[in-house]
Structure formats: C-alpha cells, structure tokens
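*Asks:* The structure is given below, and queries will be raised subsequently.
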Amino acid sequence: MAYQTIKSFYTNKNIFLTGGSGFVGVSYIEKVLRSMPDVGNIFILLRPRKGQGIEERLDTIKNNSVFDIIKNSEGSDVLLNKIKPVCGDISEEKLGLSDDDYKMLCDHVNIVVHCAATLDFETDLKTAVIINLMGTKSIVELSKQIKNLQCLLHVSSAYVNSNKNYAMEKIYDAPANYNDIINYTLTMDSDKLNSSAEKIMGDHINTYTFTKALAEHVVNDAKNIIRTCIVRPSMIVASWKEPVEGWTVSKNGPQGFIMGASKGVVRRLPVNQSLIYDYIPVDVVINTIIAGTWFSAQLPESTPTVDGQTPIFHSTTSTCNPFRWKDISSILTDTLHKYPIRGAVWYPNIKFLPNLFMYWISSAIFHFIPAYILDFVTKISGGRPILVRLHKNVNRSLSKLSPFIFNEWKFDNARTLRLQEELSVDDQSVFYIDPTPLNWRPYFINLTIGVRKYLHKESDKTMKQALKKDFFLFIANSGVQLSVVIGIWYLSSFITGTPILANFWAPLIAIIFGYFF
C-alpha cells in the first residue's frame, strides 16, 4: 500500500488519550511530541484527586522524567503546552465529562487512544468490569460521536488469551456476553457478583484478563461504524532505546523485583529459568500504537478491517526474540554490584528457585528473619517498619501470579512484523516496532541502571559512595554467613554432646542448604 508517512499523517491531528498519567500514557505523550512536533493537541482524561485538581495533576505529569529530553530542547514550552487536561473519570457514565467537554472532544478530536485500565490482578470482578469493560464501552460510544475520527486505538493485553498456549493476532470467541456481564454488574449485589467470579470467568486466570478480553469485543463490534485497532502488549518493561536506554517509572514485573534486589531486601524469587517469559520494552509498544493507528486509519473504506476483524497487533517477543532468565541470570547479581545503590540495606544477592515450595522455605529464612530483625531495629530507632509487611504482600501476590510465573505462552506477531516492513525507511528507524534485534543481556544491564536512576532516584554522583557501601555490606554479609555456619556447628555439638570436629556434617549441611535455597 502506498501510504503517506507516519509523521505527515499525524500533522495537526488532535488526540484524546485515556490513561495519560500511567507508564504507557506518559511514554506515548513524550514520543508523539518529540518525534512529531507538528501534531495538534493531546487531550488527556484526568480525574481530580483529594487535594489535587486536574491542573495540578498535569503539572505532576509534566515533571515526569520521561520529558527530560524535551525540556532540554528548544521550544519545549510550546510542545508541553499541547497537553490539555480534560476533567473526567473512566469509571463514570459518559466518562464523567461535562457537556461542554464532551462536545469539544466530538468537534475537535481525530484520534482516540484508550490506555486506561486497572492492572491489578487481585481486583474484584465488579471493579474490573466497571473500569476495563464499561469504561471501554463509554470510549467507543464517544468515538462514534466524534465528527472527524480517523481511528480508535484500544490498548489491550496479549494475556487476554492466557487460556491458550499459542495465540494469533485475531479476536477469539468471547468468554461471555459482555452486555450480560455489564447487566450483572449493574444489578447484582457486589458480594454475590464477586463470589460468583470464578464461575463467571470460566478458564480465565483473573478478572483482568477476563474483562480485557470482553473489552476487545466491544471495540470489534464497532469496526464497521468507526475505524478501530487493537494493540496487545505482553509484560511492558523499561525502554530499549528511547527516550533513553533503560528509562522506566514502572515497578511492575522485572523492574519491581530488581528494585527490591538492589536494596538487598528481595533475595529469592520463584522462577523457572528455562521457560520463555514475554517481555516487551515500552518504546516498542508506543511505536506499535502509533503505527497501528496510522495503518488502520488508512484502510480502504470498503474494507476497514483485516480478515473481517479489527486489526490486531501483538507487541510481544516470545515468537521472534524469546527471553529466558537462564540467559541473563549469571550477570544479574554482578550488575547489581557494578551499579549498586547508596540506599541498600543489605548486600544484594538474588537467587531463582524453581517452584513455590522451595521459595516459601527460602523466603522464611532469607526474607522474614532479616525483615523482623531490621523492622525491630527501625522501630526502636523511631522509624517506620515496613519490611515484614512488604514480604507478606509479595508472598500474597505470588499466589495470584503463579500462573504467570510457571506457564509459558507464545504470541504470534507475524502481522506486526509485516507492519514494520510497510513503513517508510525513515519511519522504520523512528518508529521501530520489531523487537527481534534486541539483545537481552545489555538490555537488562541498562534496565538495572534505569531502576537505579529513575526508581531509586540515585544519580551518578552517588556511585562512589554506593560502591563503598556495597563493599562494607559484602564484609558484613560474609561475617553473618560465617557466624551462622559456626553457630550451627557448635549447636549441633552441644545437642549431640560430641566433640565439635565430629560434627563436620552440620556446617556442611548448612552450606549445601544455602547453595540450593
């Protein structure tokens, strides 16, 4: 197809974005403004919070580290002033928009990008339906009223098909009738609805995948009325290239546990190192959203679909560049010591365990015992103890996450790779959507550095002090390990009433246990 370039397509286009304060949302805003400065306005749906109106929330968004490059460039004020807040709430009828704002969006918007969702895998069914399903339906209804709409792009998830081991870029049969589910939510008692959740969801892992799967059908049902497109990312992680290597403000997935590991707090994780885990850098996801919108908007009016459905693009790596933890586990701890943080509370040492049973045992020793000790010290020194609560929350979450930890999915992304080939040469370099060239080892080194800088907020200036502290913690950690082994040795001699040398087996068992657990 002989398309115009992506940049020319977006010139003077006004965009309405939901989820604009989230990881994907701020990344999308930054990329559009930096790469396509001739874009129109970006209207973002913002909900006032206690003590913070939408203008204050907008200021918070503009202060996000993602905009550092834009702020250091000429004309940054003009670009950032294109971000226009609109007061509303994805969970309310008609998005909680005033009549004037609703009309303004209908009159001026050209592209709708729907990113807002509840990502909490533990959320109850009613909440997930209201935000993920009913919110999407409200977005579709608004899009139908927009006079010059060129595309509604819905950000879904590859895991809407987590009930399949291999998923294609197509919409599968709905797990339920979405109108029925909405009706249940509006009429049924909340406790009764939530207690019936497992039966209602069928073979879906949780309320998130279930409601996001239904939301896709809401979008697909509008395909002959408005131009639609769906992008399905897998687990979204730090940037690969842009705005800078390793940038992140998300604590989900690998970024979260590396954050805990660098502090020396998270020391064990349940991971099957041989399984494929599907991670996708946020900048690749953003480029796929931008290119997917461009693609769908220019489909012929006679056939605004692909194979009779809304165009689906998988922003995934499992089939084109599979990641396994065994490929990078050997460098992970070394990287934590090469780029340590000054705020570490203990010597970092991360170990992967192949099942939850081994993890529970190891966690009791290497997480909870130190946590109780450190929380006690914190409390008597006037601080706020948090480690025990943190590990309890982690362990509770792992029970919910275990299907994602110990299962392998493959998401076919052949259509997305073909989309890369349809871009112009210039667009291919600016809006890269093919993750095949990504080298995972240097990527995770950059991710670790990004966690240090953007999540722990430690600059390069603290590196010298952090390295000194890391060495001190190494000495302390070695001393504690030696003391434990010697203590077990003496204790076994005392219990058995035999000479200490006769109990050489006790420290040996302790060392072997530490090796495996």
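The values are calculated or read from the model by the stated rules, or taken from the named source; none is laboratory data. Predicted model, so just to flag it, every value in this text is computed and none were measured. Using ideal geometry, Cβ is built from the backbone for each residue, glycine included, and neighbour counts are taken over all protein chains shown. These area figures cover heavy atoms from the full protein model, side chains too; ligands, DNA and RNA do not enter into them. Shrake-Rupley method; radii C 1.70, N 1.55, O 1.52, S 1.80 Å.
*Asks:* As an exercise: evaluate Gly514 against (1) in a helix (DSSP H, G or I); (2) open to solvent by 100 Å² or more (accessible area, probe 1.4 Å); (3) of a type outside the set (Asp, Glu) and give the number of the one condition it does not meet.
*Replies:* Of (1) in a helix (DSSP H, G or I); (2) open to solvent by 100 Å² or more (accessible area, probe 1.4 Å); (3) of a type outside the set (Asp, Glu), only one is false for Gly514: (2).
*Asks:* Among all residue pairs at least 6 apart or on different chains, which show Cβ distances below 9 Å where the first residue, located in region 487-515, is touching a residue at least 40 places away in the same chain (Cβ under 8 Å) and the second is part of a helix (DSSP H, G or I) and open to solvent by 80 Å² or more (accessible area, probe 1.4 Å)?
*Replies:* none
*Asks:* Further question on the same structure: Name the residue that is modelled with the highest pLDDT, counting only residues in region 189-207 that are surrounded by 15 or more Cβ atoms within 10 Å (Cβ to Cβ) and over 22 Å from Leu398 (Cβ atoms).
*Replies:* Top of the filtered list is Ile200.
*Asks:* The conditions are (1) touching a residue at least 24 places away in the same chain (Cβ under 8 Å); (2) surrounded by fewer than 20 Cβ atoms within 10 Å (Cβ to Cβ); (3) of a type in the set (A, V, I, L, M, F, W, C); (4) assigned to a helix (DSSP H, G or I), and Ala174 fails exactly one of them. Which is it?
*Replies:* Evaluating Ala174 over (1) touching a residue at least 24 places away in the same chain (Cβ under 8 Å); (2) surrounded by fewer than 20 Cβ atoms within 10 Å (Cβ to Cβ); (3) of a type in the set (A, V, I, L, M, F, W, C); (4) assigned to a helix (DSSP H, G or I) leaves (4) as the failure.
*Asks:* Just a yes or no: is a residue in region 208-220 touching a Pro at 6+ places or on another chain (Cβ under 9 Å), open to solvent by 20 Å² or more (accessible area, probe 1.4 Å) and either within 23 Å of Pro281 (Cα to Cα) or modelled with pLDDT of 95 or more (or both)?
*Replies:* The answer is no, given that none of the residues of region 208-220 is touching a Pro at 6+ places or on another chain (Cβ under 9 Å), open to solvent by 20 Å² or more (accessible area, probe 1.4 Å) and either within 23 Å of Pro281 (Cα to Cα) or modelled with pLDDT of 95 or more (or both).
*Asks:* Just to be sure before I move on: is Gly135 on the phi > 0 side of the Ramachandran plot and out of contact with any helix residue (DSSP H, G or I) (no Cβ under 6 Å at 6 or more places or on another chain) in the structure I sent? So that I can check it myself, show each step before the final result.
*Replies:* Working: on the phi > 0 side of the Ramachandran plot: no; out of contact with any helix residue (DSSP H, G or I) (no Cβ under 6 Å at 6 or more places or on another chain): yes.
Spelling it out, it is not the case that Gly135 is on the phi > 0 side of the Ramachandran plot and out of contact with any helix residue (DSSP H, G or I) (no Cβ under 6 Å at 6 or more places or on another chain).
*Asks:* If Leu269 satisfies all but one of (1) part of a loop (DSSP other than H, G, I, E, B); (2) open to solvent by 10 Å² or more (accessible area, probe 1.4 Å); (3) closer than 30 Å to Ile449 by Cβ, what's the number of the condition it fails?
*Replies:* For Leu269, the failing item is (1).
*Asks:* Oh, and also: Check off (1) touching a Ser or Thr at 6+ places or on another chain (Cβ under 8 Å); (2) polar (S, T, N, Q); (3) closer than 30 Å to Ser65 by Cβ for Ser459 and give me the number that stays unchecked.
*Replies:* Among (1) touching a Ser or Thr at 6+ places or on another chain (Cβ under 8 Å); (2) polar (S, T, N, Q); (3) closer than 30 Å to Ser65 by Cβ, Ser459 violates only (1).
*Asks:* Looking only at region 112-151, filter to residues that are open to solvent by 30 Å² or more (accessible area, probe 1.4 Å) and β-branched (Val, Ile, Thr); which one of those is modelled with the lowest pLDDT?
*Replies:* Here the residue is Thr127.
*Asks:* A further question follows. Restrict the check to region 17-26 and report whether at least one residue is open to solvent by 50 Å² or more (accessible area, probe 1.4 Å) and either polar (S, T, N, Q) or at pLDDT below 95 (or both). Step through it out loud before you land on a result.
*Replies:* We begin by selecting, within region 17-26, every residue open to solvent by 50 Å² or more (accessible area, probe 1.4 Å); these are 21.
Those left that are additionally either polar (S, T, N, Q) or at pLDDT below 95 (or both): 21.
Within region 17-26, one or more residues are open to solvent by 50 Å² or more (accessible area, probe 1.4 Å) and either polar (S, T, N, Q) or at pLDDT below 95 (or both).
*Asks:* Let me confirm something: among Lys379, Lys410, which residue is among the basic types (Lys, Arg), under 22 Å from Gly264 (Cα atoms) and modelled with pLDDT of 85 or more?
*Replies:* Numbers: Lys410 fails: under 22 Å from Gly264 (Cα atoms).
Only one candidate qualifies: Lys379.
*Asks:* Free of Cβ contacts under 8 Å to residues at least 12 places away in the same chain, open to solvent by 10 Å² or more (accessible area, probe 1.4 Å) and assigned by the TED database to the domain that holds Ile131: does that describe Asp89?
*Replies:* Working: free of Cβ contacts under 8 Å to residues at least 12 places away in the same chain: no; open to solvent by 10 Å² or more (accessible area, probe 1.4 Å): yes; assigned by the TED database to the domain that holds Ile131: yes.
In short, no.
*Asks:* Provide a single number: the residues in region 456-481 that are open to solvent by less than 30 Å² (accessible area, probe 1.4 Å), among the polar types (S, T, N, Q) and more than 20 Å from Gly246 (Cα to Cα).
*Replies:* Number of matching residues: 1.
*Asks:* Still on this structure, please answer the following. Of the residues His337, His367, which is in contact with a strand residue (DSSP E or B) (Cβ under 9 Å, 6 or more places away or on another chain), in a helix (DSSP H, G or I), open to solvent by less than 70 Å² (accessible area, probe 1.4 Å) and closer than 26 Å to His456 by Cβ?
*Replies:* Working: His337 fails: in contact with a strand residue (DSSP E or B) (Cβ under 9 Å, 6 or more places away or on another chain).
Within the list His337, His367, the selection yields His367.
*Asks:* Only one of Phe9, Phe16, Phe67 is over 13 Å from Ile83 (Cα atoms) and among the hydrophobic types (A, V, I, L, M, F, W, C); which? Give the steps one after another, and end with the answer.
*Replies:* On the way: Phe16 fails: over 13 Å from Ile83 (Cα atoms); Phe67 fails: over 13 Å from Ile83 (Cα atoms).
Among Phe9, Phe16, Phe67, only Phe9 is over 13 Å from Ile83 (Cα atoms) and among the hydrophobic types (A, V, I, L, M, F, W, C).
*Asks:* Within region 34-51, track down each residue that is within 25 Å of the chain's Cα centre (by Cα) and outside any loop (DSSP other than H, G, I, E, B).
*Replies:* Listed by number, the residues that qualify are Arg34, Ser35, Ile42, Phe43, Ile44, Leu45, Leu46, Arg49.
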